[in-house]
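Taking it in order: structure first as structure tokens, then the write-up.
Every number in this text was worked out from the coordinates using simple rules, so none of it is lab data. Predicted model, so just to flag it, every value in this text is computed and none were measured. Counting neighbours? That spans all protein chains shown, and the Cβs are built from the backbone with ideal geometry, glycine included.
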Amino acid sequence: MTAARLLSVNVATSVTVDWASPSGRTAIMKKPVSGPVRVETLGIAGDQVGDTKHHGGVYQAVYAFAREDLDVWGERLDRTIDNGQFGENLTTQGIDVNEALIGEQWQIGTTILEVIEVRIPCNTFKSWMGLSGYDNRAWVKRFTAEARPGPYLRVAQSGEVTAGDALTVVHRPDHDVTVSMMFKAFTIDRSLLPRLHTSRPGHAAQEAARRRRRAAAAATTCRW
């Protein structure tokens, strides 16, 4: 079994385009960078967020997606998918990021990251896939049906990460709410919503309500 590690660190600057809604700006076009990269409370050095009114911030500081899931999509789309193509900051290998628990913490390099949120697909993502030459027909629906969105990460400890760093799970909370379960609760199985309260003891209800509002708005908005 492959040891969990960070394959690449991917960043992009925000640009104005006519296919990103509603802000008209996006930074989804992530590309790998080499060498140590600083990670602070609001994200990775050199990376930006397109729609800063609705997205970014502490709970969406860093986005991770697994190389294994990119490979599955590559087989279905009959074309290799490069690291960063899905807008992820961190491309991982050797860990099922969608089975990570909400509140789970990873150490990568000198940084500690906490699994905190899920990515909801949007039309900017669909447009980007099409512009990149992939079959993006019903893309949001297809991506949603998989329920493997990858997590957003909160920066619990600032530090540096480098492609090739080991990824070590340093804390795993005592509940069963995974990234995949949270995503299903927001999209295809709302009956799971009450279970999210167990994932954030003390203020879970408030956070779940906030997330439900964000999920409802996600049909027209996107982090990038």
Footprinting exposure proxy for Met182, Met29, Met129 (fewest neighbouring C-beta atoms within 10 Å first): Met29, Met129, Met182
Would you tally the net charge around Gly94, using a Cβ to Cβ cut-off of less than 14 Å, leaving Gly94 out, and scoring K and R as +1, D and E as -1? -4
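So between Val169 and Leu131, what do we pick up on full extension, going 0.36 nm a residue minus the alpha carbon distance? Don't skip to the answer; put the middle values down first.
Working: separation 38, 0.36 × 38 = 13.68 nm, distance 3.59 nm.
Here the answer is 10.1 nm.
Tell me, in nm to one decimal, what length is gained between Ser191 and Thr2 on full extension, where the rule is 0.36 nm per residue of separation less the Cα-Cα distance?
Numbers: separation 189, 0.36 × 189 = 68.04 nm, distance 3.53 nm.
Gain on stretching Ser191 to Thr2: 64.5 nm.
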Which lysines have a Cα lying under 16 Å from the Cα of Lys30, excluding residues fewer than 8 positions away in the same chain? Lys126
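Okay, helix-only estimate at 222 nm for the chain: each DSSP H run of n ≥ 4 adds -39500 (n - 2.57), divide by all residues, round to 500 deg cm²/dmol; what do you get? Could the numbers behind the result be given before it?
Details: 5 runs with 50 residues, N = 224.
Value at 222 nm, helices only: -6500 deg cm²/dmol.
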Modelled label-to-label distance, Val72 and Ala138, 7 Å Cα→beta-carbon offset: nm? 1.8
For Ala156, the residues 5 or more places away or on another chain with a placed amide H closer than 5 Å to its own amide H are Ile112, Leu113, Glu114
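Express the relative contact order of segment 5-217 as a whole percentage, based on alpha carbon pairs under 8 Å and six or more residues apart in sequence.
Working: 472 pairs, mean separation 53.6, N = 213.
Result for segment 5-217 is 25 percent.
Can you sort Asp189, Asp78 so the residue with the fewest Cβ neighbours within 10 Å comes first?
Working: Asp189 12, Asp78 8.
Ranked by crowding around the Cβ, least crowded first: Asp78, Asp189.
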In the neighbourhood of Phe143 defined by beta carbon distances under 10 Å, the net charge of the other residues (Lys, Arg +1; Asp, Glu -1) is +4
Over segment 48-149, what per residue volume does the convex hull of the Cα atoms give, in whole Å³? 114
With a bin width of 10 angstrom, please list the P(r) values of segment 53-102 as percents of all Cα-Cα pairs, from the 0 bin to the one holding the largest distance. 24, 46, 25, 5
For Ser34 paired with Ser21, estimate the spin-label separation in nm (one decimal), with each label point 7 Å from Cα along the Cα-to-Cβ line. 4.1
